[in-house]
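Structure first, commentary second.
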Amino acid sequence: MASEKTESTFQDYLQHHLQNLVYGKLPAGYERENKDGTVEVLTNDTWTFAYNKSEVAEMGFWAFHVDTLFFSLLLGGIFLFFFTRAAKNFSLYKPTKLQTFIEMLVDFVNGVVKGTFKTGKNTLIAPMALTIFVWVLLMNLMDLVPVDLIPYPAELLGIPYLKVVPTTDLNLTAALALSVFCLYLFFSIREKGFIGFIKSITLHPFGPWMLPANLFVEVIDMLAKPLSLALRLYGNLYAGEMIFLLIAGMVAWQLSVTGIVFGVFGTMLSLIWAIFHILIVVLQAFIFMMLTVVYMNMAHEKFEQH
Amino acid sequence: MNINATLLGQMIAFGLFVWFCWKFVWPPLLAAMEERAAKIEQGLKDSEDSAKKIVEAEAESKKMITKAKSEAKKVLDNAKSQAEKIVDDAKNKANEEKDRIVGSAQSEIEKEVVNAKKSLEKDFATNVMAAAKKIISKEISSSNHEETINKSLEDFRK
């Protein structure tokens, strides 16, 4: 276990695994505590990795989760690499197995978009849905990698924290949800016109004589979209990761009877949860894509007087 | 858990990914898939058409064969009758020729006979005359008896 080298507890193990690798700025005069207990006072503002929670807190907003960025970009790059290659080497009559799989995905997304996005034409929706589905799916799938497989070697290399599942980072899910929300607003205004958009959030659902109530309801409804989108994915994956961590933390391989019993039991639990988690991984990717398409469809709906 | 600038970075990344997919991944893939679907549809339609055409061609060829057979029979019949006619004609001609040849031969023979008679007559007359001359020269002059001799020759001719 990653946490075995010191007298760290189960809780430390959990907290350690739930902390992203943060790169940010520590201000001059900050007292940095080294691992051996000595304190180092920074003379200048320093861009560096955070080695503990208080450093993370000190870095504030202008800091980056390097692990989230790295793995999400890597997985997105893998997605685009394989799909671009499939598009370039597309064979009409002799498809490779990979091409067949990619075609299956494209066909699936195309079917969903055709079935759900029926108002107006927009060539962006389907590729966006594909990007979301495959990218989120790939990121979620990182959850099935055993929890210590990558972070532990990384720690030996001197990387203090590492979370390999980008979708367990609220930053990522919120970024996706906010991007979708921005597009929602953009297409809403483009399709309905600014006046139409204002009308759609003020004259519903009670009619013009209840304008403030309408605005209140509609704004809540609108804001709930990105919020639920971001939190649903984040919550599901975070919880899934947490369960893997709990199982892993519970199991401490020791050469004793109880140790072995716990080890076997924990491995079984982990396996069962992983199998069940495959469902969540795919389902959450699908739901995110589906809701995005639904919201885009709503954005393209013309304002109707009820 | 804390929100920080990662959010902005991820939004930019997402935007780039979507843009890239929109420009370079989705359109060629979908176009290729649609092209194949169209080709398969066309192929199925073509094969259906050609199956129909084969049936039509079979019927046509059967018709043609029957027609050819009947025509051949006609030609054969024609040829037979023509041949019979030719043979008949040849027979008739041959008969005619035969008749003609026989006829001409007969007239030739008749002519020959007449000629032979004539020359015989002449020879005979000459011979008789010579003989009579020989005889008569001893007894009488020829001029005295010529009339009698001619008269007897006339009788001979008859």
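The values are calculated or read from the model by the stated rules, or taken from the named source; none is laboratory data. Fair warning: this is a prediction, and the values are worked out from it, not measured in the lab. So basically every Cβ, Gly included, is an ideal-geometry build from the backbone, and we count neighbours across all protein chains shown. Side chains included, ligands, DNA and RNA excluded: accessible areas come from the protein's heavy atoms. Shrake-Rupley method; radii C 1.70, N 1.55, O 1.52, S 1.80 Å.
Length gained on full extension, residue A:61 to residue A:159, computed as 0.36 nm times the residue gap minus the Cα-Cα distance: 33.2 nm. Using heavy atoms of the protein chains and a probe of 1.4 Å, the accessible area assigned to residue A:106 is about 0 Å².
Set the Förster distance to 25 Å, then compute FRET efficiency between residue A:224 and residue A:198 from the Cβ-Cβ distance, nearest 0.05. Approximately 0.80, to the nearest 0.05. With a 10 Å cut-off around each Cβ of B:30-37, the average count of Cβ atoms from other chains is 5.
Once the 1.4 Å probe is applied to the protein heavy atoms, segment B:3-157 comes out at 80 Å² accessible per residue. Quote the Stokes-Einstein diffusion coefficient, in whole µm² s⁻¹, for segment A:147-306, based on the Kirkwood radius over alpha carbon pairs, a temperature of 10 °C and a viscosity of 1.306 mPa s. The diffusion coefficient I find is 83 µm²/s.
Of the residues B:21, A:182, the one with the largest accessible area comes first in the ranking A:182, B:21, computed with a 1.4 Å probe on protein heavy atoms.
Placing unit charges on the Cβ atoms only, positive for Lys and Arg and negative for Asp and Glu, gives the protein assembly as shown a dipole magnitude near 2400 debye about its Cα centre.
Residues of segment A:160-176 whose accessible area (probe 1.4 Å, heavy atoms of protein chains only) drops by at least 10 Å² once all protein chains are present, relative to their chain alone: A:170, A:171, A:172, A:174, A:175, A:176.
Think of the protein assembly as shown as having a plus end and a minus end, set by charges on the Cβ of Lys, Arg, Asp and Glu; of A:209, A:100, B:43, B:43 sits farthest toward the positive end of this dipole.
Against chain A, whose longest principal axis is taken from its Cα atoms, helix A:66-88 shows a tilt of about 50°.
Candidates B:32, B:22, B:70 compared by Cα position along the dipole of segment B:16-77: farthest toward the positive end lies B:70, with charges placed on Cβ. The equivalent ellipsoid of segment B:3-157 has semi-axes of 130, 20, 6 Å, largest first, where each one is the square root of 5 times an eigenvalue of the Cα gyration tensor. Packing-based ranking of B:105-114, A:237-246 yields A:237-246, B:105-114, ordered from highest to lowest mean Cβ neighbour count within 10 Å. Residue A:268 contributes about 100 Å² of solvent-accessible surface, heavy atoms of the protein only, 1.4 Å probe.
Using a Förster radius of 56 Å, what is the FRET efficiency between residue A:36 and residue A:273 based on their Cβ-Cβ separation? Nearest 0.05, please. Given R0 = 56 Å and the Cβ-Cβ separation, E is 0.90.
For the pair A and B, the buried accessible area comes to roughly 3700 Å² in total, with a 1.4 Å probe and the value rounded to the nearest 100. Sites counted here are trypsin sites (Lys or Arg not before Pro) in a DSSP loop (not H, G, I, E or B) having no more than 11 other Cβ atoms within 10 Å; the longest part of chain A that contains none of them is A:122-301. In a simple Cβ point-charge model (Lys, Arg +1; Asp, Glu -1; nothing else charged), segment B:3-157 has a dipole of about 260 debye relative to its Cα centre. Rounded to the nearest 10 degrees, the inclination of helix A:125-141 to the longest alpha-carbon principal axis of chain A is 20 degrees. Heavy-atom surface analysis with a 1.4 Å probe gives the protein assembly as shown a carbon and sulfur content of 66 percent of its accessible area. Here the label points at residue A:211 and residue A:73, each 7 Å from Cα along the C-beta direction, are separated by 4.8 nm in the simple model.
Dipole orientation for the protein assembly as shown: of the candidates A:157, A:297, A:73, A:297 has the Cα lying most toward the positive pole (charges on Cβ; Lys, Arg +1; Asp, Glu -1).
Going from the isolated chain to the complete set of protein chains, segment A:34-75 loses at least 20 Å² of heavy-atom accessible area (1.4 Å probe) at A:56, A:61, A:62, A:63, A:64, A:65, A:69, A:73. The listed residues A:51, A:93, A:295 rank as A:93, A:51, A:295 when sorted by accessible area, largest first, using a 1.4 Å probe. Put A:300, A:16 in order of accessible area, highest first, and with a 1.4 Å probe you get A:16, A:300.
Computed with a 1.4 Å probe on the full set of protein chains, the accessible area for residue A:267 sits at about 80 Å².
Remark: chain A carries 51 Å² of accessible area per residue (probe radius 1.4 Å; ligands, DNA and RNA excluded).
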